[in-house]
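Okay, structure first, notes after.
Computed from the coordinates by the stated procedures, all read-outs in this text should not be read as laboratory data. All figures in this text were calculated on a predicted structure; none of them were measured in a lab. With ideal geometry, Cβ positions are generated from the backbone for all residues, glycine too; neighbour counts draw on all protein chains shown.
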Amino acid sequence: MKSLVSTLAIGLVCWSVAAQAQRTPPPMSEMAREPFQVFDNLYFAGTGEVASYVISTSDGLILIDTLYGGPYTPYLVENMRQLGLDIADVRYVLILQGHWDHYMGARELQDEYIPDAQFGAAEEDWQMIEADLGEQAPRLDFVIEEGDSLTLGDTTLHFEITPGHTPGTTSIRMAVFDGGTRHEAYFHGGPALRTDDPAVIAEFLADLERIKQIPDIEVQIINHFDIHASSADNLFERAERLANRQPGEPHPWVAPEDFHDWLDEMIADTQERLAAAQ
Ligand SMILES: [Zn+2]
């Protein structure tokens, strides 16, 4: 019994040291990026690695993911200010997955900037956050479930729970607008598979195949800079094209073939992972 306890204690120490090390934010000098407007109603305010987006509506703002915390919380607020967006106008904060680079800023935002905003996440991933942070965890105001939607002003987001990266990875279907022209977008909240469980891999695969059948998706919104088809450019290369876009040229994000190429690659890769896991 004693040896079990001490093994457990060593395990916990290792876990907490690993978790601490993992939660040291990368240097600002490497990660800071100019924020930019992607669509009429979508803004990128994230870093060189992990993204944070702001959706503007007729009745306030929705913030998606909250970066690493620490210095990245005022960074996020300042990025929004540079975009002409006031953090005080944020009505909802959505956390799409229970990994620290997506939620560590949430508590300080709640405590220091937007105490009245409503914070939401899927139940499974909220449990990850609470297990990780304990009393330092942010407050959860609402649970996101499969098939839920959220309407703020003129904007409705549709949620899908797409496990595989984390148990409650949340994805979003929404409309984006380019000079008033509507395009349907898909935002996968955790597109990198992080499990060896065949049942979860099969569910991840089924979700990808289902997403591929959703009609009219033209825009892929990505949560890390390099989630894209191997033939497509990354987030910042694309942003460069957007900045240099000439009148009449298509919007670089409106690229349904890139989205489907990415899905095809993901499906093929996941089929291999599933075969190997069985
Ligand atoms: Zn993650």
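Listing for the model above:
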{"read-out": "Residue in segment 132-140 that is more than 16 Å from the ligand (Cβ to nearest atom), under 21 Å from Pro167 (Cβ atoms) and under 18 Å from the mean Cα position of the chain (by Cα) present", "value": "yes"}
{"read-out": "Any hit, segment 194-213, residues being in contact with a Phe, Trp or Tyr (Cβ under 6 Å, 6 or more places away or on another chain) and part of a loop (DSSP other than H, G, I, E, B)", "value": "no"}
{"read-out": "Of all residues in segment 57-67 being buried (at least 22 other Cβ atoms within 10 Å of the Cβ) and on the phi < 0 side of the Ramachandran plot, the one that is nearest to the chain's Cα centre (by Cα)", "value": "Ile64"}
{"read-out": "Segment 176-185: number of residues that are touching a residue at least 24 places away in the same chain (Cβ under 8 Å) and either part of a strand (DSSP E or B) or under 15 Å from Gln271 (Cβ atoms) (or both)", "value": "6"}
{"read-out": "Candidate set: segment 68-121, residues that are under 13 Å from the mean Cα position of the chain (by Cα) and more than 16 Å from the ligand (Cβ to nearest atom); chosen: the one farthest from Thr170 (Cα to Cα)", "value": "Val93"}
{"read-out": "Of residues in segment 186-218 being in contact (Cβ under 8 Å) with a residue 60 or more places away in the chain and of a type in the set (A, V, I, L, M), the one farthest from the ligand (Cβ to nearest atom)", "value": "Ala202"}
{"read-out": "Subset of segment 92-120 (residues that are buried (at least 20 other Cβ atoms within 10 Å of the Cβ), free of Cβ contacts under 8 Å to residues at least 60 places away in the same chain and among the hydroxyl-bearing types (Ser, Thr, Tyr))", "value": "Tyr103"}
{"read-out": "Gly153 more than 15 Å from the ligand (Cβ to nearest atom) and more than 24 Å from Met266 (Cα to Cα)", "value": "yes"}
{"read-out": "Cβ pairs under 7 Å, 6+ apart, first in segment 144-165 and aromatic (Phe, Trp, Tyr), second outside any loop (DSSP other than H, G, I, E, B)", "value": "Phe159/Ile144; Phe159/Ser149; Phe159/Thr170; Phe159/Ile172"}
